[in-house]
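The structure appears below as structure tokens.
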Amino acid sequence: MLPKNFDYYSPKDVEEALELLSKSGDSKLLAGGQSLIPMMKLRLASPGTIIDLSRVKGLSGISHSRASVKIGSMERIAELAASKEIASSLPALHDASLSIADVQVRDMGTIGGNVANADPSNDMPVVVLAYNAKMHVLSKKGPRIEDADSFFTGPYSTKVNADEILTAIEFPISAARHGSAYSRLERRVGDYALAACAAYVELDSSGKCSNARISVSGISGSALRLPEAEAELVGKLPSKAAISAASDKARQFANIEDSYYASAEIKRLATMHVVGESLEAAFKRAKK
Ligand SMILES: Cc1cc2nc3c(=O)[nH]c(=O)nc-3n(C[C@H](O)[C@H](O)[C@H](O)COP(=O)(O)OP(=O)(O)OC[C@H]3O[C@@H](n4cnc5c(N)ncnc54)[C@H](O)[C@@H]3O)c2cc1C
């Protein structure tokens, strides 16, 4: 099927993009087009106006400070997968970037588009949740920052309003000893995840877990944190038993539903597996 007719604009800066957004009631931003264009072809989305962000200056790039890594929303997933800096400072983000679809999709798809799309099966929402990232949003009224924890409001729904642009995602870097990892299970190579988990842990001076953030996706309406699983780890030394207790809590408390691809029972087992695997890798990295 072909998309419905639409007007196309290619602004050069954010001011022009915001002006266009404010003028049209049914416009959509175009980033890498890897979700929006298929949705338009299937007529699941039929915007009257497309505002292409690919020529807008200042929306891509990775900048480091002592306390955070800030990534422009138009940074391509392939750039993150190829970055040695991302591999060492944000390994869960790196793991996830390498596992998304195939080279062609990663070459075009952007971190901002993946997060803003908020597809329950997308990989980036779990990563921003696990790292407690700050989402930088801009409108004509000015900039604001949303916490990842409150950013996702449901399937395909976020706190970015129709007249706003997600401009960057900022990942805090803790001074504490920490580790992070990402794990996913898929039916076939290149598929969306059946279940995916991003885990972030911190260790105190005695080697006990002082902070844990576990998020999962692919199993219900949107990516979600699992506080019950996190509570199984905090205050304890990392061990197989603690990881296994956390994985079991994930099975019990993740809001797992049947889907076209797998029963809820299969997904529960898949969730346990990815939670266990990502926690093991995150603790191993934290101990180094
Ligand atoms: C064959 C195939 C396999 C895939 N497999 C996976 C997979 O395994 N895992 C996975 O995570 N993803 C997968 N994807 C999706 C892919 O990663 C997309 O690139 C991503 O979900 C959307 O990013 P995009 O840059 O292409 O955004 P677009 O498709 O351009 O936009 C997506 C949505 O986000 C909005 N948007 C984009 N940028 C902004 C912004 N800066 N501010 C506000 N709103 C914005 C758009 O208006 C649109 O509504 C797959 C896609 C394909 C085609």
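Give me log10 I(q)/I(0) at q = 0.16, 0.18 Å⁻¹ for the range 188-243, Debye formula, one equal scatterer per alpha-carbon, no solvent.
So the normalised log intensities are -0.56, -0.66.
Rounded if a/c is under 1.5, else prolate if a/b is larger than b/c, else oblate: which is the range 7-51, with a ≥ b ≥ c the root eigenvalues of its Cα gyration tensor?
Note, shape of the range 7-51 comes out oblate.
Net charge around Val137, counting only other residues with Cβ within less than 11 Å of its Cβ (Lys, Arg = +1; Asp, Glu = -1)?
So the environment of Val137 carries a net charge of +1.
Can you list the DSSP H helices in the chain whose Cα atoms extend at least 30 Å along the helix axis and whose mean Kyte-Doolittle hydropathy is -1.0 or higher?
Flagged H segments are 264-287.
So how long is each side of the range 177-287 along the principal axes, counting just the alpha-carbon atoms, biggest first, in Å?
Result for the range 177-287: principal-axis Cα extents of 46, 26, 22 Å.
Do the alpha carbons of any pairs in Lys84/Lys159; Lys208/Lys288; Lys240/Lys288 sit beyond 20 Å of each other, and which pairs?
From Lys84/Lys159; Lys208/Lys288; Lys240/Lys288, over 20 Å: Lys84/Lys159.
Taking only Cα atoms and a 10 Å spring cutoff, compute GNM fluctuations for the chain and point out the largest among Glu146, Glu202, Glu75.
Glu146
Could you give the Stokes-Einstein D for the range 62-172 in µm² per second, using the C-alpha Kirkwood radius, 25 °C, 0.890 mPa s?
The calculation lands on 177 µm²/s.
Using only the alpha-carbon atoms of the chain, report the extent along each of the three principal axes, biggest first, to the nearest angstrom.
57, 44, 31
In a GNM of the chain with a 10 Å cut-off on Cα contacts, which of Gly32, Gly112, Gly58 has the highest mean-square fluctuation?
Highest fluctuation of the listed residues: Gly58.
Taking amide H positions as placed in the peptide plane 1.01 Å from N, state which residues far from Ala45 in sequence (5 or more) or on other chains have amide H under 5 Å from it.
Met40
Label point 7 Å out from Lys287 along Cα-to-Cβ: which residues of the range 202-220 have amide N under 16 Å?
In the range 202-220, the label zone of Lys287 (backbone N under 16 Å from the point 7 Å along Cα→Cβ) covers 202-210.
Which residues in the range 29-70 have a backbone N closer than 13 Å to a point placed 7 Å from the Cα of Met1 along the Cα-to-Cβ line?
Answer for this model: 38-47.
Can you give the FRET efficiency to the nearest 0.05 for Lys12 and Ala87, using r as the Cβ-Cβ distance and R₀ = 45 Å?
0.90
Assuming 0.36 nm per residue, please report the length gained on full extension of the stretch Asp191 to Asp52 beyond their Cα-Cα distance.
Using 0.36 nm per residue and subtracting the Cα-Cα distance, I get 47.4 nm.
Is the range 70-128 best put as rounded, prolate or oblate by its Cα gyration tensor, with a ≥ b ≥ c the root eigenvalues, rounded for a/c under 1.5, and otherwise prolate when a/b is larger than b/c, oblate when not?
Verdict is rounded for the range 70-128.
What chymotrypsin sites (Phe, Trp or Tyr not before Pro) does the range 186-288 have in DSSP loop regions with at most 13 other beta carbons within 10 Å?
Filter output for the range 186-288: Tyr260.
Please give every one of the lysines within straight-line cross-link reach of Lys57, meaning a C-alpha to C-alpha distance under 19 Å, and leave out same-chain neighbours fewer than 8 residues apart.
Hits, sequence-local ones excluded: Lys12, Lys28, Lys70, Lys140.
Each reported figure results from applying straightforward, stated rules to the coordinates on display, with no laboratory input. Only a predicted model underlies this, so the values are computations on that prediction, with no experimental measurement involved. No Cβ is skipped: glycine too gets one built from the backbone with ideal geometry, and neighbour counts run over all protein chains shown.
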